[in-house]
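Trainee: Sharing a structure below in structure tokens format, with a few things to ask.
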Amino acid sequence: MRYPGLLETYRSLLPITEKTPMLSLHEGNTPLFHGEKISDMLNMDVYFKYEGLNPTGSFKDRGMVMAVAKAMEEGSNTIMCASTGNTSAAAAAYAARGGLNCIVLIPNNNIALGKLAQAMIYGAKVIAIEGNFDRALEIVRDITAKHPITLVNSVNPYRIEGQKTAAFEVCDQLGHAPDYLAIPVGNAGNITAYWKGFKEYHAQGKSSSLPKMIGFEAEGAMAIVKGEPIKNPETLATAIRIGNPASWDGAVQAANESGGQINYVTDDEILDAYRLLARTEGIFAEPASAASLAGLMKLHKQGQFKKGDSAVCVLTGNGLKDPNNAIEAVAAEPLVVEDTETAVMQAIEKLGGR
Ligand code: F0G
């Protein structure tokens with residue numbers, strides 16, 4: 001059967017009217033992988049919700065299809081967002097699909113190469129500021145408050161509505177909610193959206209339980225963990241290099257209501273999980289995404305789980321977004337050799353390839 005995209009699939013659970021255009025790039029319906037080897041390692045049942053297989057390569061497509069459809073319904077012709085990269089890629093793509101103008105504000109020199117390429121090729125007006133994401137979001141909020149431009153960051157409630165559909169899919173794919181939902185936390189919209197989705201599905205009798213929500217910030221950007229905004233956030237996981245999360249309260253509420261927690265992981269822990277995922281499970285996610293697995297492993301080391309507990313790690317973005325970090329993470333260049341069979345065989349021996 002043809003998969004119609006999120007708006008049609010979850011029409012009755014989304015703020016859709018007869019006037020809402022059924023915008024779609026066939027987002028959602030992403031796979032839930034069982035991590036055989038990592039489950040064995042941790043003595044748990046670990047799954048990966050691979051959001052990198054959305055049309056622009058991240059979970060942002062779920063919220064953006066809803067936000068842009070509503071912008072069109074309301075007669076807007078321009079959308080705008082601040083972004084560490086993925087939101088801008090999604091905004092640019094759906095604006096192109098819907099025939100709207102798109103303006104994106106990004107922190108100069110601090111977004112992954114693939115994400116910049118996406119915003120440019122989809123035709124967004126891309127402006128890089130000499131400041132970080134938090135500052136970009138402040139500026140976008142000021143401009144969209146004064147001009148007829150629709151704000152499509154996750155402070156736009158339609159973004160959260162669209163993103164909550166990932167929780168529906170997890171319940172449907174597993175047949176129930178997992179014991180734990182591990183997720184990276186940046187601006188904190190996604191953890192807020194998942195928790196809303198799990199609660200709604202539960203209230204409707206579509207899942208019998210609720211997961212404990214465990215969210216992970218990067219150590220250099222752990223505003224919620226510290227309980228205060230961070231002026232100059234730093235992490236190699238640029239997607240979550242955010243010092244003053246807009247949905248702070250939503251994240252705290254998700255953790256508290258579910259009996260979970262907001263914790264943090266170091267860049268080294270992120271890199272270890274990033275490589276492990278690729279090498280043991282064959283899944284290439286971007287560094288920020290690996291914060292979910294890194295966090296699960298950290299809590300596992302602390303003895304916080306029981307044998308057989310189930311956990312879903314949300315892998316928010318595709319590894320191809322950030323080729324530079326991938327190459328740096330393995331600290332090796334391809335071996336360049338002469339174009340002969342002998343030279344190639346020698347190289348195979350040298351690399352220990354057999
Ligand atoms: N993972 C990736 C790959 C992201 O791009 C983001 C956020 C997050 C996790 C965190 O999600 O903000 O809802 O807590 N990226 C935003 C952007 C900020 O502009 O693309 P969050």
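Trainee: Return the residue satisfying two criteria in turn: it lies in region 164-185 and is open to solvent by less than 10 Å² (accessible area, probe 1.4 Å) and assigned to a loop (DSSP other than H, G, I, E, B), and of such residues it is nearest to the ligand (Cβ to nearest atom).
Mentor: Looking at the filtered set, the residue picked out is VAL185.
Trainee: May I ask you to list the residues in region 1-25 that are open to solvent by 20 Å² or more (accessible area, probe 1.4 Å), over 21 Å from ASP172 (Cα atoms) and among the β-branched types (Val, Ile, Thr)?
Mentor: Those that are open to solvent by 20 Å² or more (accessible area, probe 1.4 Å), over 21 Å from ASP172 (Cα atoms) and among the β-branched types (Val, Ile, Thr): ILE16, THR17.
Trainee: Right, another one. Scanning region 341-354 for residues that are open to solvent by 70 Å² or more (accessible area, probe 1.4 Å) and part of a loop (DSSP other than H, G, I, E, B), which turns out nearest to the ligand (Cβ to nearest atom)?
Mentor: LEU351
Trainee: Looking at region 284-300, is at least one residue surrounded by fewer than 23 Cβ atoms within 10 Å (Cβ to Cβ) and either within 15 Å of the chain's Cα centre (by Cα) or within 15 Å of the ligand (Cβ to nearest atom) (or both)? Before you say what the answer is, go through the steps one by one.
Mentor: Here is the first cut: in region 284-300, the ones surrounded by fewer than 23 Cβ atoms within 10 Å (Cβ to Cβ) are 284, 297-300.
In the following step, the residues that additionally are either within 15 Å of the chain's Cα centre (by Cα) or within 15 Å of the ligand (Cβ to nearest atom) (or both) were identified as 284.
There is at least one residue in region 284-300 that is surrounded by fewer than 23 Cβ atoms within 10 Å (Cβ to Cβ) and either within 15 Å of the chain's Cα centre (by Cα) or within 15 Å of the ligand (Cβ to nearest atom) (or both).
Trainee: Right, here's the next one. Which members of region 72-92 meet the condition of being among the β-branched types (Val, Ile, Thr) and surrounded by fewer than 24 Cβ atoms within 10 Å (Cβ to Cβ)? Walk me through it before giving the result.
Mentor: Let us first name the residues in region 72-92 that are among the β-branched types (Val, Ile, Thr), namely 78-79, 84, 87.
Within region 72-92, THR78 is the sole residue that qualifies.
Trainee: Scan region 54-65 and give yes if some residue there is farther than 26 Å from TYR3 by Cβ, within 15 Å of the ligand (Cβ to nearest atom) and open to solvent by 10 Å² or more (accessible area, probe 1.4 Å), otherwise no.
Mentor: Initial filter on region 54-65 (farther than 26 Å from TYR3 by Cβ): none.
For region 54-65, residues farther than 26 Å from TYR3 by Cβ, within 15 Å of the ligand (Cβ to nearest atom) and open to solvent by 10 Å² or more (accessible area, probe 1.4 Å): absent.
Trainee: State yes or no: is ASN324 within 16 Å of the ligand (Cβ to nearest atom) and surrounded by fewer than 21 Cβ atoms within 10 Å (Cβ to Cβ)?
Mentor: When the stated conditions are applied, ASN324 passes them.
Trainee: Counting only residues that are more than 16 Å from the chain's Cα centre (by Cα), open to solvent by less than 50 Å² (accessible area, probe 1.4 Å) and basic (Lys, Arg), how many does region 211-269 have?
Mentor: 0
Trainee: Could you tell me whether ASN109 is within 16 Å of the ligand (Cβ to nearest atom), surrounded by fewer than 17 Cβ atoms within 10 Å (Cβ to Cβ) and within 18 Å of ALA136 (Cβ to Cβ)?
Mentor: Working: within 16 Å of the ligand (Cβ to nearest atom): yes; surrounded by fewer than 17 Cβ atoms within 10 Å (Cβ to Cβ): yes; within 18 Å of ALA136 (Cβ to Cβ): yes.
It is true that ASN109 is within 16 Å of the ligand (Cβ to nearest atom), surrounded by fewer than 17 Cβ atoms within 10 Å (Cβ to Cβ) and within 18 Å of ALA136 (Cβ to Cβ).
The values are calculated or read from the model by the stated rules, or taken from the named source; none is laboratory data. If you're wondering where the values come from, they're calculated on a predicted model, not measured in any experiment. All Cβ positions, glycine included, derive from the backbone under ideal geometry; neighbour counts span all protein chains shown. Each accessible area value is taken on the protein alone, full model and side chains, heavy atoms only, with ligands, DNA and RNA left out. Shrake-Rupley method; radii C 1.70, N 1.55, O 1.52, S 1.80 Å.
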